[in-house]
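The values are calculated or read from the model by the stated rules, or taken from the named source; none is laboratory data. Values in this document were obtained by computation on a predicted structure and should not be read as measured data. All Cβ positions, glycine included, derive from the backbone under ideal geometry; neighbour counts span all protein chains shown. Only protein heavy atoms, including side chains, enter the accessible area calculation; ligands, DNA and RNA are left aside. Shrake-Rupley method; radii C 1.70, N 1.55, O 1.52, S 1.80 Å.
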Amino acid sequence: MPAYIPAGGAAILPPGSGAPRRAHYPPARWGRAAAISARRGAELGRTGQVMAAATGAEPGSLPAVAAQLGRAVAAGPEARLESVRVLAGLFREAQPREMAEESIFQNLLEILMCASSEIKQAYKNSCELVDLDTCLLLVAECFRCLRNACVECAKNQHVMRNLGLISTSVNLIKLLHGIQIKEELLLTALRCSLQFLGNIAAGNRDSQNSIWKCAFPDLFLTCLTYSDEKIVAYCCMVLFTCLSSEKVRELLDPGNLTVALCVLKVYKDQLESEWSFLIVTDHLLKCPELVKALYAKLSNQERVTLLELIMAKVSEKNPVTSEEMNVFVRHADFLADCFQEKCEAVLKLTSAADADEEEALVTIRLLDVLCEMTSNNTQLEHLQTLPGLLETAIDTLRLTHLAGKQAVNIFTATHAMTGQEEISHPAVGFKSHLIRLIGNLCYKNRENQDKVYELDGIPLILDNCSIDDNNPFVNQWAVYAIRNLTEQNERNQELIAQVEEKGLADNSALESMGLEIEKRDDKLILRSVRKKPS
C-alpha cells in the first residue's frame, strides 16, 4: 500500500521501516500539521454559517466551503487563507475528498499562482503593500489542503496533475528556496509543498513520472542539501516514491550521480533518516554499476557508510528472486576486488598513531560483508570460484598474525580481559573474520581445501586455535575452518595429525571438534570420536 502523509498531519514511518539499520527508531514527526489542524478546527463553524446564507448548503459542508473558496479567489490574502484553512480541515475525512470537484483544485491553483506572484513582488521590490508572512501562510495552507485531498484518492491525484499543479508546485518550491530568509513560515511552506508532492506521487505512476520530469535533478539537489532536517526528510520521501529501476539508471549520468551521493550523505549525517536508508537499500543497491560509480566518488568514511547499508541488505532473511541474486553476485565480485586491492591497509593499525586510519576501516568492513555473503549458498558458490580471494585471505591472516608476534599491538593474542571490558578498536575480530572467510570458502570445495594446504594455511589456522580477547570467537572459527578443510580430504587430515604429533597443534581444539589423532601401522590418522562433555 502506498505511503501517504496522513490528512491530519500525524506522523508515519516509511514502508519497511523495520528493516535492519540502527538500534532504535524514534517516531518521525512530520511537521506541525496535527497541532495546526486541531487549532483550526474551531474555525469551521462561523465561516460555514456565513456561507450557508448565500448558498443554502449545510454549514461546514463541502459545497458550502467550495462556494466560499470560489468567491475568495478574487478577495485578499486574508480571506483566501481563511477559506483554504476550512477546506484543508474538511479534506481530513475520506468522504469530502471523494466528493471534491475539479473546480476546487482549479481555485487552489489560482490562489497559489497569485501568492507566487505576490511573493516575487514582495521579495524583489521590497513592496510594503504585500504582506509576505500572510502569503507564506497561504502557500503552506494550500499545500496542506492539496496534501490532504490526495490521501488514498487517485481521482484527486489525476485531477491535480492534469491541472498542472505539480509543475506549479515545483516552480514555487524553487522560488521559496531563492528567498534568503530562514524563518519558520518559509520552512513550513517548503515542508508542506514537499508533503504534497509525496502524497500526489504515492501509488500513482503518472504523477511520479510528472514529478521526475519537473524536479529531477535540480529540485532534489536543492532540498537534499537544505539545512532543515524535515525538508531533507520529505525530499527523501518524494525521491523514494518516484524512483524506479529505469530512473535509478539515470543516476549513472555524471551530472546526476550527485543526487545519489547526497542521499548517502543524508543517511550518514542524519541518524533517523529512514527514507534515505530505503532509497539506498530498495533502489540504489539494485544497480551494481551505480554502486561502483558511487564507491569511486566516496571518501573512506562514506565508503564505510555504504558498506554498512550493503551489509544491512545482505543480512536480510527475505526470499530473493533470481534477478536479485544476480545483483548480489555482482556486488560480491566488486567487493572482493576492493578487498584484495586494499587488504594490507589494515596493517597500518599496528601503530597506535594510525589507530583511526579510515582506509583500514574500509578493509575491515569489506571483510565483514564478504563473510556475510559467504553465509549464503548461492553467493558462496560464486565467491569460492573467484581467483585470488582465498589466497588474499590467507596472506592477510599470515601478515596480521606475524605482526602480532613481532610487537605488541591489536593483532597480538591477549588473555588479559576479565570479560567486563569493552574493546572499541576497529580491528577487533579481524583475524576471526579472516578465518571465518577461509573456512566458508573451503566448505565442500576440494579445490580450495587443497589450495589452503599448498599455501601452508593449515598450520597458520591451527596456531590461532587459542582464546584471544582481541579476536572473540577465534577459537570457534578456527575449529569450524579445520572441519571444512578436513572434510573428505585425507591429505589435510594427515597434515593436521603430523602437526599435532610434533606438539605444534592444540590437542584440546581437536577434541572440541570431535577429532583425535591415532597412530595406525606407522601412519597418523585423524579420526572422529564422541565429544567429551563440556
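Summary table below
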| read-out | value |
| --- | --- |
| Breaking point among (1) over 18 Å from the mean Cα position of the chain (by Cα); (2) crowded, with 17+ Cβ neighbours inside 10 Å, for residue 255 | (2) |
| Qualifying residue in segment 295-318 (condition: of a type in the set (S, T, N, Q) and open to solvent by less than 10 Å² (accessible area, probe 1.4 Å)) | no |
| Check on residue 112, touching a Cys at 6+ places or on another chain (Cβ under 6 Å) and either open to solvent by 50 Å² or more (accessible area, probe 1.4 Å) or more than 20 Å from residue 226 (Cβ to Cβ) (or both) | yes |
| Residue within segment 438-460 that is assigned to a loop (DSSP other than H, G, I, E, B) and small (Gly, Ala, Ser) present | no |
| Unmet criterion (only one of (1) open to solvent by 40 Å² or more (accessible area, probe 1.4 Å); (2) at pLDDT 95 or above; (3) not polar (S, T, N, Q)) for residue 164 | (1) |
| Candidates 71, 85 - the one that is at pLDDT 90 or above, buried (at least 18 other Cβ atoms within 10 Å of the Cβ) and in a helix (DSSP H, G or I) | 85 |
| Selection from segment 304-346 of residues that are closer than 25 Å to residue 265 by Cα and of a type in the set (Ser, Thr, Tyr) | 305, 315 |
| Qualifying positions in segment 339-388 - in contact (Cβ under 8 Å) with a residue 24 or more places away in the chain, more than 25 Å from the chain's Cα centre (by Cα) and part of a loop (DSSP other than H, G, I, E, B) | 351, 355, 384, 386, 388 |
| Helices (runs of 4 or more DSSP H) wholly inside segment 198-316 containing at least 3 residues that are small (Gly, Ala, Ser) | 205-215 |
| Unique match (being surrounded by fewer than 23 Cβ atoms within 10 Å (Cβ to Cβ) and touching a Gly at 6+ places or on another chain (Cβ under 8 Å)) among 378, 412 | 412 |
